[in-house]
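Below you'll find the structure, written out as structure tokens, and then a few comments.
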Amino acid sequence: MANTTSGTVIFDKNFAIDEIIEEAYERIGLQSVSGNQMRQARRSLNILFQEWGNRGLHYWQIGNNDITLVADQAVYTMFRSTGDGTSDATAIYGVDDVLEAVYRNSSNVDTPLTKINRSTYQGLSNKTSTGTPSQYYVQRFIDKVTITLYLTPGSSEAGNKLNFYFVKRIQDVGDYTNATDVPYRFVPCMVSGLAFYLSQKFKPELSQQMKLYYEDELQRALAEDGSSSSSYITPKTYYPNV
């Protein structure tokens, strides 16, 4: 009689935090860890997720949202951490950066906005001019991210939307029974990364080896992450006068 397959593909969601920690400790030769070691590992896993924020764009952490425009208001605020700054039910949390934005009118017609840097925004002569926005400037603070629009929405634009894509922060580890906010492709490098972090505390002689495993698996995961659409680059053809 032939063996059957499990019929499920949910290992990453059933792979709880305590099992991830156990696997990481086993890779550096430690078993039957104490409660304090569990807490240390959970803290290290949170730090690892924050370090991934410096590793480029993670496509599973891209969000989309709307902000309702207010007449004569140019600056709109989103928060990096849950509960920062306001209890407003309409507040947007977990935002790390804004990637692209459009102005969406009452007929749901979108007009792309151009992202500008601080120097370009500073060079605008009249920042209080009102009208349909065409540009936006993003500032990233410790606790918040702001979008500054130019032109400033006027009464005709009030009630319309700023629709934008943004980089979300990876959710905290939380309870030991939780799953992680990570897709299955990143599970191997997550465990390897935690083993590398723990080796620095408990098995320094293994740190270099664990780092090599971690960086190798992370690069494979990053290479797989992203869009599979094709890009074509064609040189522009010039016909000089002769």
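The values are calculated or read from the model by the stated rules, or taken from the named source; none is laboratory data. Not measured: the values here are computed from a predicted model. Counting neighbours? That spans all protein chains shown, and the Cβs are built from the backbone with ideal geometry, glycine included. Ligands, DNA and RNA are excluded from the accessible area calculation, which covers all protein heavy atoms including side chains. Shrake-Rupley method; radii C 1.70, N 1.55, O 1.52, S 1.80 Å.
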(request) Positive end of the charge dipole of the chain (Lys, Arg +1 and Asp, Glu -1 on Cβ, about the Cα centre): tell me which of SER134, TYR103, LEU162 has its Cα farthest that way. (result) SER134
(request) Using a 10 Å cut-off on Cβ atoms, rank the peptides 165-172, 21-28 from the highest mean neighbour count down. (result) 21-28, 165-172
(message) So for the range 114-236, averaging the separation of alpha carbon pairs under 8 Å that are six or more residues apart and normalising by length, what relative contact order in percent results?
(response) 15 percent
(message) Under 20 Å between alpha carbons, and skipping anything fewer than 8 positions from LYS13 in its own chain: which aspartates and glutamates qualify?
(response) GLU22, GLU23, ASP172, ASP175, ASP181, GLU217, GLU224, ASP225
(request) Take the alpha carbon atoms of the range 116-130, find their center, do the same for the range 56-72, and report the distance between the two centers in whole angstrom. (result) 21 Å
(message) Please give the charge dipole size of the range 113-205, origin at the Cα centre, charges +1 on K and R Cβ atoms and -1 on D and E Cβ atoms. Round to the nearest 20 debye.
(response) 260 debye
(request) Scan around ASP97 for amide H atoms under 5 Å from its own, H built in the peptide plane at 1.01 Å from N, and keep only partners 5 or more places away or cross-chain. (result) VAL167
(request) Consider the candidate values (1) 23.5, 82; (2) 16.4, 47; (3) 19.2, 64; state which one is Rg and Dmax of the Cα atoms in Å computed from the structure displayed. (result) (1)
(message) Can you give me the accessible area per residue for the chain, using a 1.4 Å probe, in Å²?
(response) 61 Å²
(request) State, as an integer percentage, the relative contact order of the chain based on alpha-carbon contacts under 8 Å between residues 6 or more apart. (result) 27 percent
(request) Excluding residues on the same chain fewer than 8 positions from LYS144, give the aspartates and glutamates whose Cα lies under 12 Å from its Cα. (result) ASP84, ASP96, ASP97
(request) Over the chain, with every protein chain in place, what whole percent of the accessible area is carbon and sulfur at 1.4 Å, could you tell me? (result) 48 percent
(request) Report, in degrees rounded to the nearest 10, the 0 to 90 angle that the Cα long axis of helix 35-52 makes with the longest principal axis of the chain. (result) 40 degrees
